[in-house]
1. Considering only the range 121-144, I want to know if a residue exists there that is assigned to a loop (DSSP other than H, G, I, E, B) and not β-branched (Val, Ile, Thr).
2. Is there any pair with a first residue in the range 107-126 that is within 15 Å of Ala319 (Cα to Cα) and a second that is assigned to a helix (DSSP H, G or I) and among the β-branched types (Val, Ile, Thr) whose Cβ atoms are under 9 Å apart and which are 6 or more apart or on different chains, and what are they?
3. Residues in the range 288-309: is at least one under 30 Å from Lys112 (Cβ atoms) and either among the aliphatic types (A, V, I, L, M) or open to solvent by 50 Å² or more (accessible area, probe 1.4 Å) (or both)?
4. Among the strands (runs of 3 or more DSSP E) contained in the range 22-101, which hold 1 or more residues that are within 25 Å of Ile314 (Cβ to Cβ), at pLDDT 95 or above and open to solvent by 30 Å² or more (accessible area, probe 1.4 Å)?
5. Before we move on, is Ala229 among the small types (Gly, Ala, Ser), within 27 Å of Arg295 (Cα to Cα), more than 19 Å from the chain's Cα centre (by Cα) and assigned to a helix (DSSP H, G or I)?
6. Please specify each residue of the range 102-130 satisfying the condition of being among the polar types (S, T, N, Q) and buried (at least 16 other Cβ atoms within 10 Å of the Cβ).
7. What number of residues within the range 231-271 satisfy the criterion of being modelled with pLDDT of 95 or more and either in contact with a Lys or Arg (Cβ under 6 Å, 6 or more places away or on another chain) or among the polar types (S, T, N, Q) (or both)?
8. Which one of these is assigned to a loop (DSSP other than H, G, I, E, B), within 16 Å of Glu270 (Cβ to Cβ) and either at pLDDT 95 or above or open to solvent by 10 Å² or more (accessible area, probe 1.4 Å) (or both): Leu214, Leu201?
Amino acid sequence: MQQSYFLGGVTANGFRTHFSEQILRPDFYTYILKGGPGTGKSTLMKRIAAAFPDEPVSRYYCSSDEKSLDAVVLEDRKIAVVDGTAPHVFEAKYPLVSQELVNLGACLDKQKMQLAGNAVRQAADENAQWHQRARQYVQAVTALHQDLAQLGSRALLHQKLTGFGERLAKRTLPKPKGRSGGISFRQLSALTASGYRAQPLPPDYQVTELMDPLYAASDALLRQLAARASDRGFAVIASENLLFPEPMLEAILLPELRLAFSACSTIRQEQVAGAVHMHMTRFYQKELLAQRKQRIAFDRKATLALAEEASNAIAKALAVHDQLEAYYIEALDFDRVSRTAEELIEEIRARK
């Protein structure tokens, strides 16, 4: 299986990721890459993924730069390789037992970097300022999302939705497998420089999209389906909408069944071709929604405008980051990085 995710994404409180849970899995060995921007971390991970073309590989992309890899996981080999630098700083908890640091910063010419010191500091500070501006817009989006979800929660027809969820689970999920399942979190969507984006699903997935402008009904149904699938022994991959004070579920994947349920909402409007559409407004009290019609319309319109401004700020940060990378690339020993990549690939091959 080849599946793509984001490593995480921007929230009102900074960057959020669940990848630390992957790093701490006792059955996996993780290489944590260190080094400044432009030191070849993403390129190295792309080479590792390409070295195992016939094996299931999960790729985790950077939400600030969608072309850049932040992690790869070789699922069958139980190997993960991840960028461990800010804003997602990871360290080895059990060095050389479960994790290992790989310092690509050692491939830099120290003298060249010091000569570019003033320009590097200026670019790094400007990049941080643009990311801070993006977070300020995201804080406003988060407040509007919270208001929409609260309106939805107050209007939610809980009994009707719960009954429907039980019938849907019974109709969709096979009988219990006689083993324990589990729910793991991975990020399918994030706010990026090009807007709010979701990673594509494999073409053999049967996708059901929950059309929900208020988030509350889809979140409740996704949690119910995830719990029922896990209870029946199936592995569940859950993805959150990070633009809430407490993230709400936005999608679940059932890889063994090739099933996916995802929410289409105010912020996530992309639709999957061939997906089944399930309209969630039937699970809200229509009278209450009618009373709040203008407020809901305002929240939704303002959310989209502010999210666009946040994406613009992320795009500005990316442009400055590209300038910052150029200084490191100028000081990088590419042959040494290439040798490091080859040595790492051979070490991974030898681990199986």
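The values are calculated or read from the model by the stated rules, or taken from the named source; none is laboratory data. Keep in mind it's a predicted model, so treat the numbers as computed, not measured. Quick reminder, even Gly has a Cβ in these numbers, built from the backbone with ideal geometry, and neighbours come from all protein chains shown. Ligands, DNA and RNA are excluded from the accessible area calculation, which covers all protein heavy atoms including side chains. Shrake-Rupley method; radii C 1.70, N 1.55, O 1.52, S 1.80 Å.
1. Pass one, the range 121-144, residues assigned to a loop (DSSP other than H, G, I, E, B): none.
No, every residue in the range 121-144 fails to be assigned to a loop (DSSP other than H, G, I, E, B) and not β-branched (Val, Ile, Thr).
2. From residues that are within 15 Å of Ala319 (Cα to Cα), the pairs are Ala123/Val320; Ala124/Val320; Glu126/Val320.
3. As a first pass, look at the range 288-309 and keep what is under 30 Å from Lys112 (Cβ atoms): none.
No, the range 288-309 contains no residue that is under 30 Å from Lys112 (Cβ atoms) and either among the aliphatic types (A, V, I, L, M) or open to solvent by 50 Å² or more (accessible area, probe 1.4 Å) (or both).
4. Details: elements: 29-34, 57-61, 69-74, 79-83.
Fully inside the range 22-101 and qualifying: 29-34, 57-61.
5. On the way: among the small types (Gly, Ala, Ser): yes; within 27 Å of Arg295 (Cα to Cα): no; more than 19 Å from the chain's Cα centre (by Cα): yes; assigned to a helix (DSSP H, G or I): yes.
So Ala229 fails the test.
6. Step one: filter the range 102-130 for residues among the polar types (S, T, N, Q), giving 103, 111, 114, 118, 122, 127, 129.
Correct list: Asn127 only.
7. The number of residues fulfilling the criteria is 6.
8. Numbers: Leu214 fails: within 16 Å of Glu270 (Cβ to Cβ).
Of the residues listed, the single one that is assigned to a loop (DSSP other than H, G, I, E, B), within 16 Å of Glu270 (Cβ to Cβ) and either at pLDDT 95 or above or open to solvent by 10 Å² or more (accessible area, probe 1.4 Å) (or both) is Leu201.
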